[in-house]
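Student: One structure, pasted below without further comment.
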Amino acid sequence: MKRSVEVAVISDTHLGTYGCKAKELLNYLRSIDPKVLILNGDFIDIWQFKKSYFPESHLEIIKYILNLSLTNCQVIYLTGNHDEFLRKFSPMTFGKIQLLDKYIFELDGKKTWVFHGDVFDSSVQHSKWIAKLGGIGYDYLIRLNNLSNWILTKMGREKYSFSKKIKNNIKKAVKFISDFEETASELAIENKFDYVICGHIHQPQKRAITTAKGSCLYLNSGDWIENLTALEYNNGSWEIYYYENDVLIDLMNQIEQKPQQTPDEYKEIDVFFK
C-alpha cells in the first residue's frame with residue numbers, strides 16, 4: 001500500500017554521480033502517493049555529468065517521475081547549483097511539471113517558500129571553480145566511504161561517514177550550517193513566510209526560529225547521498241522522513257514472519273542499532 005502524502009520534498013539526489021543512492025530513492029518514491037512532489041535542486045548533477053556514468057537505476061528515477069506527472073501529482077522542479085544550467089530556461093511549464101528557481105504557495109493558509117539555498121553560499125556565488133572542485137572531491141570521498149562501509153559491514157562493524165565526521169568536527173562547517181539556517185529563516189520572517197524549505201547543505205532539519213520580527217519553521221530535506229531523507233507534509237504538519245527507519249521496519253517484519261531467528265539475523269539487527 002502506498003502512503004498518501006500531501007507534499008513530498010526531496011533534494012540533492014545528484015543523479016549521475018557514484019554517491020547517489022538511486023535504488024533507495026526509487027523505493028521511496030514507489031512507496032508514496034504524493035499530491036505535490038518538489039525536487040528542490042541538484043536533482044541531476046550537471047557539474048559532474050559523464051556520458052560514461054548514468055546507470056539504468058538513475059534513468060529509472062527520471063522515468064518514474066515523468067510517469068508520476070501523468071497522474072494527479074504535480075511535480076515542481078527547482079533549480080540548484082549543480083543543475084544551474086536549467087536556470088536559463090525557468091520559469092517553464094510542460095504538462096504537470098513546472099521548472100522554477102523558487103516556489104511560493106500556501107499550505108492550509110500558511111505561506112511557504114521553497115528554494116535550493118545555494119544563494120547563501122559565497123563559494124558558489126563568487127568562486128564557482130572552488131565549489132566545483134569541492135563537488136568532485138566530495139564525490140570521490142563518498143566513493144571511498146562506500147568501499148569502507150562495505151568492508152565494515154562484512155566485518156560486522158558499524159558504518160562510518162567520513163563527511164559527517166568532518167562536518168561535525170570542523171567549527172567553520174558547523175557555523176556555516178547554523179548561519180545558513182538563520183539567514184534563510186530571517187529572510188522568511190521578514191517576508192511573512194510561515195515555512196521556509198531549503199536543501200543544498202545536505203543537513204536534514206526541522207527547526208522553529210524566532211527573531212524580534214516574528215517566527216517561522218525552517219526545514220531542510222537533507223540529501224540522497226548519505227542521509228537518505230525527505231520532507232513530508234500531512235494533516236497540517238511537516239515531518240522528516242528517514243529511509244533507514246523503513247529499512248529497519250522491513251527487516252523486523254521479515255524476521256517476524258520466520259519461525260526462528262538465526263544468530264546471523266540477531267547480529268544484523270544488533271549492527272543496525274549500534
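Student: Over 24 Å between Cα atoms: which of 35/63; 21/110; 2/88; 2/102 fall into that group?
Tutor: Numbers: 35/63 18 Å; 21/110 33 Å; 2/88 36 Å; 2/102 28 Å.
In this structure, 21/110; 2/88; 2/102 exceed 24 Å between Cα atoms.
Student: Roughly how compact is the stretch 1-120, stated as its Cα Rg over 2.2 N^0.38 Å to two decimals? It would help to have the intermediate numbers written out before the result.
Tutor: Details: Rg = 14.1 Å, N = 120, 2.2 N^0.38 = 13.6 Å.
Expressed relative to 2.2 N^0.38 Å, the Cα Rg reads 1.04.
Student: With N set to the number of residues, divide the alpha-carbon radius of gyration of the stretch 195-239 by 2.2 N^0.38 Å and report two decimals. List each step's numbers first, then the result.
Tutor: Numbers: Rg = 11.5 Å, N = 45, 2.2 N^0.38 = 9.3 Å.
Normalised Rg, Cα atoms only: 1.24.
Read-outs: derived from the displayed coordinates by stated rules, not from any lab. Computed from a predicted model, the values in this text were never measured in an experiment.
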